[in-house]
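Here's the structure, in structure tokens; my notes come after.
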There are 2 protein chains.
Amino acid sequence: MSYIADDIICDAPAGRIEGAAAYRDFMAPFVQILAGAELIAAFGDEHTAVAMYDTETVPVKSAPAAECVTVDGGQVTRSRFIFDRAPFEAARRETG
Amino acid sequence: MSYIADDIICDAPAGRIEGAAAYRDFMAPFVQILAGAELIAAFGDEHTAVAMYDTETVPVKSAPAAECVTVDGGQVTRSRFIFDRAPFEAARRETG
């Protein structure tokens, strides 16, 4: 978490997450269901990086995601996170 | 459509789209509901480009999307498209 700014702002499908503690709480459940990830593409410059990858998770076998991070002073101050929640919602409905 | 390869393969949230005609049929309804777009980031090299942008659509006010395209011989042969279908499904449920 040392590369995450204390005042990080992250826009994710479910809404805005503000602050490193909230960011950690947001990421923790995802890391727990993560079974693997394959990088599709990654580019960036000194301030901004964009990555697209396909994740394999316990409930959803292929869940592609994209992330755009802004780095300032060696820390991520801004993150935008895009993935499709629909298959996760469908899996949740199926398992009850 | 001249920059779209006849045999384009596009992976979108709802599944794989194969061929320029199917790709056009996939994009057409989206273009119709598109009210605006703001670029978040775009990077690439001679073969691959990744863009993230926030779109404003008629049913969903903020619908961020990411796209990764592979270019071969001046045409897009491969596209990966990520966005969250959940708010579109919610809007559809609301309007019936």
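The values are calculated or read from the model by the stated rules, or taken from the named source; none is laboratory data. Bear in mind that the values here come from a model prediction, so they are computed numbers and not experimental data. A quick note on method: Cβ atoms are made from the backbone with ideal geometry, for glycine too, and the neighbour counts reach across all protein chains shown. We work out accessible area using only protein heavy atoms, side chains counted, and drop any ligands, DNA or RNA first. Shrake-Rupley method; radii C 1.70, N 1.55, O 1.52, S 1.80 Å.
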Answer yes or no: is there a residue in the range A:54-71 that is within 14 Å of chain B (Cβ to nearest Cβ) and touching a Leu at 6+ places or on another chain (Cβ under 9 Å). yes
Yes or no: the range B:78-86 includes at least one residue that is more than 14 Å from the chain's Cα centre (by Cα) and hydroxyl-bearing (Ser, Thr, Tyr). no
With the structure loaded, tell me whether B:Phe88 is within 10 Å of chain A (Cβ to nearest Cβ), closer than 20 Å to A:Arg85 by Cα and surrounded by 15 or more Cβ atoms within 10 Å (Cβ to Cβ) or whether it fails that test. yes
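Quick grid of which residues meet (1) of a type outside the set (A, V, I, L, M); (2) within 23 Å of A:Phe83 (Cβ to Cβ); (3) surrounded by fewer than 16 Cβ atoms within 10 Å (Cβ to Cβ):
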{"site": "B:Asp25", "(1), (2), (3)": "yes, no, yes"}
{"site": "B:Ala28", "(1), (2), (3)": "no, no, yes"}
{"site": "B:Glu38", "(1), (2), (3)": "yes, yes, yes"}
{"site": "B:Ala42", "(1), (2), (3)": "no, yes, yes"}
Identify, by number, the condition in (1) among the small types (Gly, Ala, Ser); (2) at positive phi; (3) open to solvent by less than 50 Å² (accessible area, probe 1.4 Å) that A:Gly74 doesn't meet. (3)
May I ask you to list pairs of residues, at least six apart or on different chains, whose Cβ atoms are under 9 Å apart, with the first in the range A:35-48 being more than 8 Å from chain B (Cβ to nearest Cβ) and the second being assigned to a loop (DSSP other than H, G, I, E, B)? A:Ala35/A:Val58; A:Ala35/A:Lys61
Can you name every residue in the range B:44-71 that is open to solvent by less than 40 Å² (accessible area, probe 1.4 Å) and touching a helix residue (DSSP H, G or I) at 6+ places or on another chain (Cβ under 7 Å)? B:Thr57, B:Val60, B:Ala63
Conditions (1) hydroxyl-bearing (Ser, Thr, Tyr); (2) part of a strand (DSSP E or B); (3) open to solvent by 50 Å² or more (accessible area, probe 1.4 Å) -> B:Ser2 fails only (2)
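Kindly provide the set of residues from the range B:67-96 that are of a type in the set (S, T, N, Q) and free of Cβ contacts under 8 Å to residues at least 60 places away in the same chain, ordered by number.
So the first thing to find is which residues in the range B:67-96 are of a type in the set (S, T, N, Q), and the list is B:70, B:75, B:77, B:79, B:95.
Once the filter is applied, which keeps residues that are of a type in the set (S, T, N, Q) and free of Cβ contacts under 8 Å to residues at least 60 places away in the same chain, the range B:67-96 yields B:Thr70, B:Thr95.
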